[in-house]
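So the structure is just underneath, and the comments pick up after that.
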Amino acid sequence: MTATGIGAPVRRKEDQRFVTGQGRYVDDFNRPGQAYAYFLRSPHAHAAIRSIDTGPAMIMPGVIAVFTGDDLAADKIGGLICGWMIHSKDGSPMKAGPHPALAQGKVRYVGDHLAVVIAETLAQAKDAAEAIVVDYDVLPAVVDTAQATKTPVQVHDVSPDNTVFNWHLGNKDETEAAFARAKHVTKIDLVNNRLVPNPIEPRAAVGEYDFGTDNYTLYTTSQNPHVARLVLSAFIGVAPEHKLRVIAPDVGGGFGSKIFIYAEETVCVWAAKKVKRPVKWTSDRSEAFLSDAHGRDHVTHAEMATDENGKIIGLRVHTTANLGAYLSTFSSSVPTYLYAPLLSGQYDIPAIYCEVDGVYTNTAPVDAYRGAGRPEATFVVERLVEKTARELGQNPAEFRRRNYITQFPHATPVIMTYDTGDYAASLDKALEIADYKNFEQRKQESARRGKLRGIGFSSYIEACGIAPSQAVGSLGAGVGLWESAEVRVNPTGSVEVLTGSHSHGQGHETTFAQLVSDRLGIPIDQVSIVHGDTDKVQFGMGTYGSRSGAVGMSAIAKAIDKVIAKGKKVAAHVLEASEGDIEFKDGRFGVAGTDRSMAFGEIALQAYIAHKFSGQDLEPGLKEGAFYDPTNFTFPAGVHICEVEIDPDTGVTKIERWTAVDDFGVIINPMIVEGQVHGGIAQGVGQALLEGAVYDQSGQLITASFNDYCMPRAIDLPSFQVGMTVTPCPSNPLGIKGCGEAGAIAAPPAVINAITDALGHEDIAMPATPQAVWRAAQKARMPMAAE
Amino acid sequence: MTTVSLTVNGQSVTADVDPRTLLVQFLRENLRLTGTHVGCDTSQCGACVVHLNGQAVKACTTLAVQANASVVTTIEGISQGGELHPMQAAFREHHGLQCGYCTPGMIMSAIDIVNRKGNTLDERTIRAELEGNLCRCTGYHNIVKAVAAGAQGMAQAPVQQAAE
């Protein structure tokens with residue numbers, strides 16, 4: 001391992017600009033002549049629009065234009081799309097209601113887009129929006145996930161009972177048979193609380209149109225600018241694909257919420273041409289709460305069957321998944337193919353059957369949020385496994401160990417084939433780091449102080465490296481999920497890598513450069529990573545699902561192999577040897593068995609000078625591209641152990657210890673990987689203890705600011721003890737599994753298992769706020785009081 | 001319009017502003033100092049923290065006119081002669097940032113913490129004092145390490161503090 005190669009904790013190249021305030025985020029871009037957009041949003045969760053009078057706004061100071069859904073329709077601008085087709089059990093396609101960028105006829109959630117005001121200043125646009133007169137016929141709303149199909153309220157005409165799909169996976173008959181022969185059945189009812197992703201940078205867009213060239217430019221906070229361009233051109237019809245440049249510069253966190261193609265960027269591009277000015281929109285946090293796609297929101301009943309040996313023999317799950325008022329870009333895939341295929345967890349479970357009802361409600365659209373379906377699956381499995389162990393009177397760690405998959409590859413009953421892993425190794429290491437053997441001692445010490453101490457496990461697995469195109473195509477995806485890379489070697493030997501992945505905090509400018517430095521034997525500062533601009537990078541699928549290492553870097557590795565192969569041809573000419581005798585090692589092309597060799601940079605120069613070979617037998621230049629399509633998902637897995645101490649008098653839960661042992665396969669930069677683990681755990685702890693998006697019965701979001709929605713702060717979290725085990729992934733050339741989502745997937749059941757362990761009963765929901773824990777602690781005390 | 005005159009990162013600035021202009025808008029829009037960020041609208045996230053007369057303030061909750069005749073330091077103004085401020089260097093060294101959006105506010109708050117609490121900071125103090133700054137990426141683990149290290153670094157670079 002070199003100081004900057006694979007496996008080295010290289011300090012990040014991008015940090016120089018971020019720590020000096022020189023990062024360039026979308027809101028930092030100001031285009032000449034720019035005007036400002038402000039969206040009038042629905043204050044009602046559900047209402048028919050009788051009329052919209054924009055006249056009073058049009059005469060307000062500074063107003064350039066006011067547009068409504070009718071204006072978009074007149075220009076034949078299409079609605080927003082959902083790119084993953086799910087079929088119900090009966091074979092019928094999911095019921096996708098219309099999703100206009102600006103409402104037509106009806107609004108369906110608080111924050112739904114009614115009109116846009118474009119003005120000289122943002123303040124003028126906001127002032128004018130208040131002057132728009134909307135005559136609403138307010139309708140009753142449905143907000144509750146479990147009640148969505150049991151109400152006369154109808155969100156979309158296409159779905160009379162608000163059902164989007166009734167989907168299933170697994171083998172029902174085999175599962176029923178397993179339950180029929182079970183010695184013990186454990187049942188659980190769970191709510192996976194609705195979350196707001198809340199990257200600290202709010203979404204933003206600047207649309208621009210050049211009348212001279214007929215070119216459109218969109219600066220946008222996107223995790224996948226090429227997909228945004230494709231959807232905006234091919235489906236929404238804002239601009240032809242080859243005339244639309246989408247730039248996603250520095251992006252301040254995404255966590256899934258910036259994958260999707262939203263109304264605001266659609267309108268900004270379109271309006272820029274209408275008003276002949278660049279149009280800028282920046283979300284404020286209140287708008288973000290209302291209109292960013294939310295995450296999770298499942299209601300689940302699940303049962304686990306075990307035999308007389310404490311072996312899990314069956315799992316059946318019924319989930320109702322709230323998809324909100326409209327189907328967001330990838331929403332339908334999250335509670336289906338990103339959820340049920342993970343229900344086998346790390347366990348050898350011979351029979352699994354899962355039913356999922358996707359439902360509409362009058363709430364913000366729900367889509368992928370860090371983990372996307374996999375945290376929900378892990379919560380079901382790990383809560384059930386823990387509860388089963390307790391009911392059987394078994395140690396939760398050893399119960400898990402007894403049921404672990406140990407032979408690979410392993411085909412689960414829910415369509416996944418796990419390629420490799422060593423789950424017991426992670427468990428052993430986690431037990432050691434967590435000092436599990438002395439837990440009872442610590443628990444007694446807490447009890448002496450009147451505190452309740454508990455310990456909780458989470459033995460998670462996820463499917464990442466999304467994903468083999470053929471596989472996802474057969475499951476309903478509208479696109480393939482490969483990745484592209486282009487490696488451009490300059491005559492001086494420096495290298496630019498153009499990648500279809502997008503970095504919004506992951507540190508690709510460093511890790512990707514480490515790979516190049518390692519493979520080509522050139523200094524890391526001779527490597528630049530280019531991403532986030534459709535005029536520079538030809539195409540790419542973007543960053544989500546912990547895919548950029550396993551898929552994006554594999555594409556780079558493939559392109560590097562081609563560069564080396566071409567370099568060998570050049571070297572053969574220059575060194576006057578046969579190509580078969582050329583070796584590339586430690587950054588030098590040499591003739592085997594001789595001392596004749598040239599550095600990578602020298603060969604690069606020769607490739608461009610081309611004096612030593614004719615263009616007929618070898619093309620000049622050194623530039624290669626590759627598209628890499630993975631052969632399987634990757635399966636990062638690990639064990640997290642959470643130890644809490646609860647003050648029964650206040651209900652405050654303090655996390656005393658957090659142990660994470662993860663198997664991410666080969667690691668490029670351990671510093672960055674550990675950082676990803678930390679951040680993921682924080683979001684998972686946030687879900688378990690603090691966060692919850694709450695709508696009242698009329699559909700008002702009552703947690704619509706950082707005052708009301710409890711984001712994790714430094715004081716809420718401990719320092720984390722992070723360990724690693726490594727089984728290289730056999731499904732990609734680098735052996736990488738992916739690390740971005742693990743913490744968010746692992747953490748919630750670890751926390752709740754610890755709290756329920758401390759309390760001695762299972763009756764606690766997320767978020768386990770001090771109030772909820774205090775109530776639960778009082779309930780736990782009641783039998784004692786009766787004594 | 002109202003005239004404001006102040007010193008920003010050592011430079012004298014005078015401008016006519018709408019009286020409702022926030023200090024963060026003035027910095028970002030008038031002066032194009034875009035390192036100071038806006039992450040919320042309720043003074044909760046701290047992405048906009050700058051120093052006003054040497055003390056940390058949230059520039060989203062300060063009117064530009066309130067900064068009249070004052071000295072403002074932003075993230076762009078703390079490194080000297082091409083050398084990172086010790087707190088900037090510590091955030092880089094300890095991977096105290098990922099997307100970088102909260103980072104300027106974090107660094108400006110961290111310097112203020114050191115100014116108030118000294119150069120030897122324990123974990124508990126740092127976590128409590130970061131109450132006004134939200135980060136969604138790092139889980140704070142490495143930010144806490146960076147602040148502790150940056151505090152030590154500031155003790156060894158008194159010139160940097162004098163520049164504040």
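Each value in this text was obtained by applying a stated rule to the coordinates, not by laboratory testing. The shown structure was predicted, so the numbers you read here are calculated from the model rather than taken from an experiment. With ideal geometry, Cβ positions are generated from the backbone for all residues, glycine too; neighbour counts draw on all protein chains shown.
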Contour minus Cα-Cα distance for residue A:654 and residue A:214 (0.36 nm per residue) = 152.5 nm
Take the Cβ-Cβ distance between residue A:92 and residue A:243 as r, set R0 to 35 Å, and report the resulting FRET efficiency rounded to the nearest 0.05.
-> 0.40
If we restrict to alpha carbons, what Rg and Dmax does region B:86-162 come to, in Å?
-> 11.1, 33
Cα extents of region B:1-151 along the principal axes, largest first, in whole Å, come to 46, 34, 26
Starting from the exponent 0.38 and prefactor 2.2 Å, build the expected Rg for region A:482-628 from its residue count and divide its actual Cα Rg by it.
-> 1.07
Taking R0 as 25 Å and r as the Cβ-Cβ distance between residue B:68 and residue A:31, the FRET efficiency 1/(1 + (r/R0)^6), rounded to the nearest 0.05, comes to 0.25
Taking the protein assembly as shown and counting helices only, DSSP H stretches of n ≥ 4 at -39,500 (n - 2.57) each over all residues, the nearest-500 ellipticity at 222 nm comes to -8000 deg cm²/dmol
Can you give the translational diffusion coefficient of region A:83-203 in µm²/s, computed by Stokes-Einstein from the Kirkwood radius over Cα pairs at 25 °C and 0.890 mPa s?
-> 126
Of every Cα-Cα pair in region B:2-73, the percentage lying beyond 19 Å is 22
Taking each residue of A:667-678 in turn, how many C-beta atoms of other protein chains fall within 10 Å of its C-beta, and what is the average?
-> 3
Nitroxide proxy distance, nm - points 7 Å out along Cα→Cβ at residue B:157 and residue A:311 | 6.3
Working note, chain A: Cα radius of gyration (Å, one decimal) and Dmax (Å, whole number) are 27.5, 97
Output the Cα-based Rg and Dmax of region A:203-271 in Å, rounding Rg to one decimal and Dmax to a whole number.
-> 11.1, 38
Note: A:199-206 gets an average of partner chain Cβ contacts (10 Å, Cβ to Cβ) equal to 5
Cβ-defined net charge surrounding residue A:15, 13 Å radius [Lys, Arg +1; Asp, Glu -1] = +1
Computed ³J(HN,Hα) along region A:201-206: with the Karplus parameters 6.51/-1.76/1.60, θ = phi - 60°, integer Hz and x for glycine or proline, the list is 7, x, 4, 7, 8, 10
Counting Lys and Arg as +1 and Asp and Glu as -1, each charge on the Cβ, what is the dipole of region A:482-628 about the Cα centre in debye, to the nearest 20?
-> 140
For the pair residue A:104 and residue B:42, what calculated FRET efficiency results from E = 1/(1 + (r/R0)^6), where r is the Cβ-Cβ distance and R0 = 45 Å, to the nearest 0.05?
-> 0.90
Span-like helices, chain A: DSSP H, alpha-carbon axial extent 18 Å or more, mean Kyte-Doolittle -0.5 or greater, which ones?
-> A:554-574, A:670-685, A:742-759, A:770-786
Once you have the Cα-Cα distance between residue A:726 and residue A:596, take 0.36 nm times their residue separation minus that, and quote the gain in nm to one decimal.
-> 42.9 nm
Work out, in µm²/s and without decimals, the Stokes-Einstein translational diffusion coefficient of region A:1-159 at 37 °C, 0.692 mPa s, Rh from Kirkwood over C-alpha pairs.
-> 167
GluC sites (Glu not before Pro) restricted to DSSP loop in region A:484-585 with at most 10 other C-beta within 10 Å = A:576
Simple label model, 7 Å out from Cα along Cβ direction - residue A:617 to residue A:176, nm | 7.3
Counting other Cβ atoms within 10 Å, which trypsin sites (Lys or Arg not before Pro) in region A:604-667 have at most 15 and lie in a DSSP loop?
-> A:612
Surface/4 estimate of mean projected area, convex hull on alpha-carbon atoms of region A:620-761, nm² | 14.0
In nm, the gap between the two label points placed 7 Å beyond Cα toward Cβ at residue A:469 and residue A:438 is 5.5
Across peptide A:709-722, how many C-beta atoms of other chains are within 10 Å of each residue C-beta, on average?
-> 5
Ranked from highest to lowest mean number of other Cβ atoms within 10 Å per residue, what is the order of the peptides A:123-131, A:316-324?
-> A:316-324, A:123-131
Once the piece of chain linking residue A:183 and residue A:24 is laid out straight, how much longer is it, given 0.36 nm per residue of separation minus the C-alpha distance between them?
-> 51.2 nm
Counting as exposed only chymotrypsin sites (Phe, Trp or Tyr not before Pro) in DSSP loop states with no more than 16 other Cβ atoms inside 10 Å, the longest exposed-site-free span of chain A is A:212-538
Provide the percentage of antiparallel DSSP beta bridges, counting only those with both residues in chain A; round to the nearest 5.
-> 80
How about region A:162-200: which trypsin sites (Lys or Arg not before Pro) there are in a DSSP loop, with at most 15 other Cβ atoms within 10 Å of their Cβ?
-> A:181, A:183
